[in-house]
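The structure appears right after this line, and notes come after that.
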Amino acid sequence: MTAFFRLMLACIVLAFAASPAALRAAATADVIEKTGTIVYVTGGVGEEERAALKAIEKQFNLKLVFALKGGAFISDVLVAIKTAGGKSVLIDQAQGPIFMAKLPGGTYVVEATYEGSTQTRKTAVGKGLQTLTFAWPGKLGVDTPVR
């Protein structure tokens with residue numbers, strides 16, 4: 001794990017333990033994002049990044065994981081999270097196989113689009129972590145599990 005990433009992770013953990021204002025001050029836009037009142041993070045390319053995200057996942061209530069059906073992780077998934085009534089609350093591109101958000105409690109529709117194929121899931125989030133896994137068919141020679 002690079003020293004910069006370790007430093008940023010430490011800032012994130014401390015910021016989540018403190019306040020939203022501290023979170024904004026301690027984290028860079030590359031690590032933690034915010035849209036309106038929703039805080040989210042995306043990444044997980046490589047084992048070290050996945051471990052770092054695992055360490056802070058309890059600070060979020062929605063975790064999305066993206067992979068091919070054979071198990072290989074993927075990124076560049078377009079994520080759209082909407083209220084049950086259809087109002088968009090978050091739209092962004094996943095920068096890795098993991099996308100986590102802290103949403104107000106309620107029911108949401110999550111749309112994940114990879115290479116033109118969209119999958120939709122309805123989920124209820126509250127205080128605990130809700131994890132949704134999206135898997136797409138792999139391409140010949142590409143769908144190899146990541147270890």
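What follows draws every value from the coordinates through simple rules; no lab data is involved. All values reported here derive from a predicted model rather than from experimental measurement. Neighbour counts are summed over all protein chains in view; Cβ atoms, including those assigned to glycine, are modelled from backbone coordinates with ideal geometry.
Which net charge results when you count Lys and Arg as +1 and Asp and Glu as -1 among the other residues whose beta-carbon is under 12 Å from that of residue 123? Local charge sum for residue 123: +3.
Amide hydrogen proximity for residue 103: with H placed 1.01 Å from N in the peptide plane, the residues at 5 or more positions away or on another chain lying under 5 Å are 61, 62. Please report the net charge: other residues with Cβ closer than 15 Å to the Cβ of residue 83, K and R +1, D and E -1. Result for the local shell: +3. In summary, the lysines within cross-link reach of residue 102, defined as a Cα separation below 19 angstrom excluding same-chain residues under 8 places away, comprise 34, 54, 58, 63, 82, 87, 122, 127.
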